[in-house]
Amino acid sequence: MAFPNRLLTNSTWRLVGLGLTTTIFALGSLSIIAPPVAAESLGVIPTTPEGRSITEKAMVFLGIRDVAAAGALFWFYREGKEKEMGVLTLAWTLVCVADTWVATKGLRGWDQGIWVLCAGAVVVTFTGLGLVQS
């Protein structure tokens, strides 16, 4: 088997995928339940009432995106479709990169948490590769 699949057994990759799925679901739920908190974690800090309203709507939109993707991943997990989980997870890497890019454009730039987002993108890619190769 190719790297990184040989590092873990197929059943372990499946559980890692489930953990990542749960994380995506939790982050999406946070964006829906507490949009200002989710926005601030991305470095988006609105300064006007209109900005707050737009940010809240945008974060709910992003939350639904995450919850929908997590729903598909949960379904693939339930059906035992590791390769499909891997493909969707690899595609999700683009979402991680876009979220990181948006966060760098915020008031804080590369400070406070951007490196966590970068590490998250690496974990998503690594997990996706492991699942695709199962």
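Evaluated against (1) under 26 Å from Phe3 (Cβ atoms); (2) touching a residue at least 12 places away in the same chain (Cβ under 8 Å), Leu30 falls short on exactly one condition, (1). Put simply, of Leu107, Leu18, Leu30 the only residue that is closer than 26 Å to Leu131 by Cβ, open to solvent by 50 Å² or more (accessible area, probe 1.4 Å) and either more than 11 Å from the chain's Cα centre (by Cα) or modelled with pLDDT of 95 or more (or both) is Leu30. None of Thr89, Thr100 is in a helix (DSSP H, G or I), without any contact (Cβ under 8 Å) to a residue 24 or more places away in the chain and open to solvent by less than 20 Å² (accessible area, probe 1.4 Å) except Thr100. Residues of region 59-81 that are over 16 Å from the mean Cα position of the chain (by Cα) and either in a helix (DSSP H, G or I) or closer than 27 Å to Trp115 by Cβ (or both): Trp75, Phe76, Tyr77, Arg78, Glu79. Checking Glu56, Glu50, Glu84 one by one, the residue that is in contact with a Phe, Trp or Tyr (Cβ under 6 Å, 6 or more places away or on another chain) and either in a helix (DSSP H, G or I) or open to solvent by 80 Å² or more (accessible area, probe 1.4 Å) (or both) is Glu84 and no other. Within region 2-14, residues that are on the phi > 0 side of the Ramachandran plot reach no partner that is surrounded by 10 or more Cβ atoms within 10 Å (Cβ to Cβ) with beta carbons closer than 8 Å at six or more positions or on different chains.
The values are calculated or read from the model by the stated rules, or taken from the named source; none is laboratory data. Only a predicted model underlies this, so the values are computations on that prediction, with no experimental measurement involved. We place every Cβ from the backbone using ideal geometry, glycine too, and count neighbours over all the protein chains shown. When the accessible area is computed, the model is the full protein with side chains, heavy atoms only, and any ligands, DNA or RNA have been set aside. Shrake-Rupley method; radii C 1.70, N 1.55, O 1.52, S 1.80 Å.
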